[in-house]
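To start, the structure itself, in structure tokens.
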Amino acid sequence: MTADQQTGAIAATDATRSDGLRFEDDAGASRSTWVAALLVVLIVGWMGSGFIIPGTDDGEVATRQEPEPVAVAVTRSTAQTVTQFYQAEGQALPDRDTVLRAEASGDIAEVLVAKGQDVAAGEIIARIDATNNEADANRAAEELARAQREFDNAEALLARGVATMDRVTQARAALASAQAQVTAAQQASESLTITAPFAGRLETLEIDEGEYVSAGSDIGRLVDITPLTVAIQVPQQSLTQLKVGQPATVRFITGEERPGALVFVGTSAAAETRTFLAEIEVANEDVAIPAGISAEIVIPTGQTKAHFLSPSIVSLNTEGTLGVKTVNGDNVVAFYPIQVVKAQIDGIWVTGLPDTADVITVGQGFVNEAEVVAPSITETDG
């Protein structure tokens with residue numbers, strides 16, 4: 001066989017082998033397929049094992065655990081007897097305050113006191129010139145004497161039968177008129193003297209010697225601040241707490257503090273504010289407290305059982321009611337609506353809780369009513 005023939009035979013043999021060789025005929029390819037299939041089965045089985053065969057602990061079937069109760073701190077609070085107070089802002093007013101007026105017309109003859117001076121009841125403040133009044137008084141006296149003579153003559157003539165009853169009647173009327181003029185002149189004479197109607201201090205005095213005044217004109221203002229009257233406005237809902245005779249403590253803006261007593265409670269509300277006027281009388285014999293200044297009034301209104309709590313533990317329920325969360329004997333949260341009866345700098349006194357209650361002081365914002373909690377008592381509030 002020639003070289004060309006041998007080369008052709010080899011090429012034919014290679015072609016035959018190439019056409020007949022396949023991947024599936026390789027033993028390694030079959031093994032790889034089985035390995036891949038096995039891995040897929042194992043992965044699927046591992047992923048599904050948590051649903052088909054749950055994990056176990058010591059041979060027991062595991063169950064889903066309930067959430068642990070929330071830990072809270074509680075304070076055991078016991079109700080105490082506390083005095084309730086009504087507090088209000090008011091204004092100090094003089095006990096008596098009047099405007100002095102001239103009762104007669106004329107020139108001021110003399111002024112005996114000065115503005116700002118204390119005067120006694122009935123003390124003379126000023127006098128009006130009496131010249132005109134003396135003339136009127138003399139004229140009235142002369143007229144009275146004449147009328148008296150006319151009346152006497154008429155009665156004498158009537159007794160002798162010379163005069164008539166009409167003349168006597170006329171004479172009697174003239175006599176009565178003359179007597180009235182004399183009385184008026186006497187009263188006018190008394191009006192020439194201006195006196196203090198009560199003891200007090202002259203806040204103003206607007207007259208000078210020689211000045212003319214008319215009857216009825218204002219000449220000054222007299223004020224009595226012994227005692228002082230402190231006026232307050234009481235809202236409708238607080239009116240039933242106040243009664244005449246209740247003691248009160250009055251703190252003035254000047255720093256003075258005085259005891260007082262409730263002397264008046266109004267029975268008709270102001271149309272604009274719907275509040276009632278109440279007045280507290282405060283002794284001021286030393287005249288140390290002026291009228292017109294502001295004052296704070298504290299009136300004890302009774303006693304009640306209440307708990308002393310920190311304002312920070314007060315919360316609102318879902319309905320917006322102000323209250324306090326507590327823990328009962330079964331460690332269940334209970335919500336009690338409260339009312340503040342007294343406030344202090346360091347806390348508040350509230351009602352609405354049982355006489356003894358475990359009040360949640362820490363964690364109340366993380367628990368709700370009827371929820372089970374894990375309480376720990378931190379201290380006991382006496």
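The values are calculated or read from the model by the stated rules, or taken from the named source; none is laboratory data. If you're wondering where the values come from, they're calculated on a predicted model, not measured in any experiment. Glycine also receives a Cβ, built like all others from the backbone with ideal geometry; neighbour counts cover every protein chain displayed. For the accessible areas, the whole protein counts, side chains as well, though only heavy atoms, and no ligand, DNA or RNA atoms are used. Shrake-Rupley method; radii C 1.70, N 1.55, O 1.52, S 1.80 Å.
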Positive end of the charge dipole of region 207-341 (Lys, Arg +1 and Asp, Glu -1 on Cβ, about the Cα centre): tell me which of I338, F276, N317 has its Cα farthest that way. N317
Which FRET efficiency, nearest 0.05, do Q179 and A269 yield, Cβ-Cβ r, R0 56 Å? 0.60
GluC sites (Glu not before Pro) within region 260-300: DSSP coil, no more than 11 neighbouring Cβ in 10 Å: E272, E285
Net charge around A121, counting only other residues with Cβ within less than 11 Å of its Cβ (Lys, Arg = +1; Asp, Glu = -1)? -1
For region 166-307: relative contact order, % (alpha-carbon pairs under 8 angstrom, 6 or more apart): 22
Before I look further, what does region 302-349 give for accessible area per residue, probe 1.4 Å, in whole square angstrom? 56
Roughly speaking, what is the stretch gain from E203 to D355, that is 0.36 nm per residue apart minus the C-alpha to C-alpha distance, in nm to one decimal? 49.0 nm
Counting Lys and Arg as +1 and Asp and Glu as -1, what is the net charge of the other residues whose Cβ lies under 13 Å from the Cβ of G352? +1
Evaluate the distance, in nm, between pseudo-label points positioned 7 Å from the Cα of E89 and of V70 along their respective Cα→Cβ axes. 3.9
Using the basic label-point model (7 angstrom from Cα toward the beta carbon), what is the E211 to E123 distance in nanometres? 1.9
Quick check for you: with a 1.4 Å probe and neighbouring chains kept, what is the accessible area per residue of region 204-301, in Å²? 52
The simple spin-label model distance between S189 and D346, using points 7 Å out along Cα→Cβ, in nm, is 7.5
Taking all protein chains as present, what is the carbon and sulfur share of the accessible area of region 280-382, in % to the nearest whole number, probe 1.4 Å? 51
